[in-house]
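This report concerns only the one structure given below.
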Amino acid sequence: MATINVSAGNEAVLVLAQSSANANFTANAGLVVPSMQDITINNSTGVFRWKTLDSTAENAATTPATNQLSLNVVVDTAAFFGTGTAGDDDVKEKGLFTVSKEKTAVYFRAYFDGTNSNSKYLSGVGYISGLAPTVNPDAPLWVTPVTIEVDGDYTVGTV
Amino acid sequence: MAYRDTLLAKLQTVIASYSQFSVSSELPFVAGGTPLHIKNMKTVYLDEQQDEISGFIITLDKRDIDQTVTTIRAYVAVDAKNKPSQTDSMLSAIQAARTVIAPVVGADATLTTEIQDDIIVYSVEYRFLTI
């Protein structure tokens, strides 16, 4: 047993890309989301409950899960608006905003403990939504929430 | 010490229009057991600036963004029995001088008053926030 401590050198890493292969960090192709303040990975199953006359307690069964990644990031120009470099991975080239606007599916890998060997990750495909960049005089840096609505299931992997 | 220099230059310009007051470029150190601003009343002294740097936004990939709070205090003392007529407007001008420091996220100037025997000591604390 071991805890996963992101303050101990490695960190949570999220890679977004146009393909599953590019979402692999070692491919060095996808967009490594910079300046993440936090990330939450949701795997929220629904629950169907029913009661029977011969039981003193409810029965339950889970229904398909709603999968979602939510994070907050400091807006980085290249990550948010894209590099604009033809030949880059589409997500990297177009940036978070355009990919969200165009409703393009993105492949993701969320590494729990850095990208070194034996680190666990969850991968899948989804759609970027929930962008809401905000700034104010007291906090003069643009920050935005980002949500990735996962289409289908997560896959657990190990680097 | 750039902020102090800029602020001192601004105060020297502003206070020049108040004939009852002056500005010293010296620090308000203690001479013979008495702070200079008490020894030389009606003279404005500007202390050294203090910088406090702390994390403003902490990120998972260590691209942290810091904020710096710079504090500078100005002192001026007057005779409580014979308060100069220009005192109030001069103090307002000292507080307004904070706008000379730019660009900053926030610039505050807080005036506090203390009476020591027959001397009124005004201190203005400037706080500048940069990110």
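Annotations for the structure displayed:
- Candidate set: the range A:6-59, residues that are within 14 Å of another protein chain (Cβ to nearest Cβ), assigned to a loop (DSSP other than H, G, I, E, B) and touching a residue at least 40 places away in the same chain (Cβ under 8 Å); chosen: the one nearest to B:ILE58 (Cα to Cα): A:SER35
- Being within 15 Å of the chain's Cα centre (by Cα), closer than 26 Å to B:PHE56 by Cβ and either within 14 Å of another protein chain (Cβ to nearest Cβ) or acidic (Asp, Glu) (or both) is a condition met by at least one residue of the range B:69-78.
One line per residue, one yes/no per condition, for (1) closer than 18 Å to B:ILE115 by Cβ; (2) in contact (Cβ under 8 Å) with a residue 24 or more places away in the chain; (3) of a type in the set (Val, Ile, Thr):
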| residue | (1), (2), (3) |
| --- | --- |
| B:ILE38 | yes, yes, yes |
| B:MET41 | yes, yes, no |
| B:ASP47 | no, yes, no |
| B:ILE53 | no, no, yes |
| B:ILE58 | no, no, yes |
| B:ARG63 | no, no, no |
| B:ASP66 | no, yes, no |
| B:THR71 | no, yes, yes |
| B:ASP79 | yes, yes, no |
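- Scanning the range A:129-141 for residues that are away from chain B (no Cβ under 11 Å) and not polar (S, T, N, Q) gives A:GLY130, A:LEU131, A:ALA132, A:PRO133, A:VAL135.
- For B:ALA109, the conditions (1) within 24 Å of B:THR130 (Cβ to Cβ); (2) touching a residue at least 60 places away in the same chain (Cβ under 8 Å) are fulfilled apart from (2).
- Annotation note: Cβ proximity below 9 Å between a residue of the range A:76-90 that is in contact (Cβ under 8 Å) with a residue 40 or more places away in the chain and under 19 Å from B:ILE65 (Cβ atoms) and a residue that is of a type in the set (D, E, K, R) and assigned to a loop (DSSP other than H, G, I, E, B) (sequence gap 6+ or interchain) occurs for A:ASP76/B:ARG63.
- Residue list for the range B:19-37, restricted to those being surrounded by fewer than 18 Cβ atoms within 10 Å (Cβ to Cβ) and either β-branched (Val, Ile, Thr) or more than 16 Å from the chain's Cα centre (by Cα) (or both): B:SER19, B:GLN20, B:VAL30, B:ALA31, B:GLY32, B:GLY33, B:THR34
- Meets criteria (out of contact with any His (no Cβ under 6 Å at 6 or more places or on another chain), loosely packed, with under 12 Cβ neighbours inside 10 Å, among the charged types (D, E, K, R) and away from chain B (no Cβ under 14 Å)) for A:GLU93: no
- So A:PRO34, is it within 30 Å of A:GLY87 (Cβ to Cβ) and either at pLDDT below 95 or among the aliphatic types (A, V, I, L, M) (or both): yes
The values are calculated or read from the model by the stated rules, or taken from the named source; none is laboratory data. What you see is a predicted model, and the numbers here were worked out from it, not measured in a lab. All Cβ positions, glycine included, derive from the backbone under ideal geometry; neighbour counts span all protein chains shown.
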